[in-house]
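To keep things clear, I will list the structure first and then write my remarks on it.
The values are calculated or read from the model by the stated rules, or taken from the named source; none is laboratory data. The shown structure was predicted, so the numbers you read here are calculated from the model rather than taken from an experiment. For neighbour counting, all protein chains shown are included, and Cβ atoms are generated from backbone atoms with ideal geometry for every residue, glycine included.
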């Protein structure tokens, strides 16, 4: 007999929070890509500044399934002369 899988409300909340986090990280990566482009920097130049491979940088900028770490995003931001700031705010 096949096992039934039921999704608990707690699991649903965790998945929603995870999905929202990934969406926000993707938004940050798009902002960093826009800054890089405005500064006229290539992925090779960012690689030189961060030590992150061009192929990995490209995936982070274009892959909708990419899941960058805060360390990676911070290194990328610093390579652009930016600081990564995390704000905890009340929900509206």
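Results for (1) modelled with pLDDT under 85; (2) part of a loop (DSSP other than H, G, I, E, B); (3) surrounded by 13 or more Cβ atoms within 10 Å (Cβ to Cβ); (4) within 16 Å of the chain's Cα centre (by Cα), shown as yes or no for each residue.
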residue	(1), (2), (3), (4)
4	yes, yes, no, no
11	yes, no, no, no
20	yes, no, no, yes
24	no, no, no, yes
27	no, no, no, yes
32	no, no, yes, yes
35	no, no, yes, yes
How many residues of region 66-79 are buried (at least 16 other Cβ atoms within 10 Å of the Cβ) and in contact (Cβ under 8 Å) with a residue 40 or more places away in the chain? The answer is 5
Filter region 46-65 for residues that are at pLDDT below 95 and assigned to a loop (DSSP other than H, G, I, E, B); the one that is surrounded by the most Cβ atoms within 10 Å (Cβ to Cβ) is 63
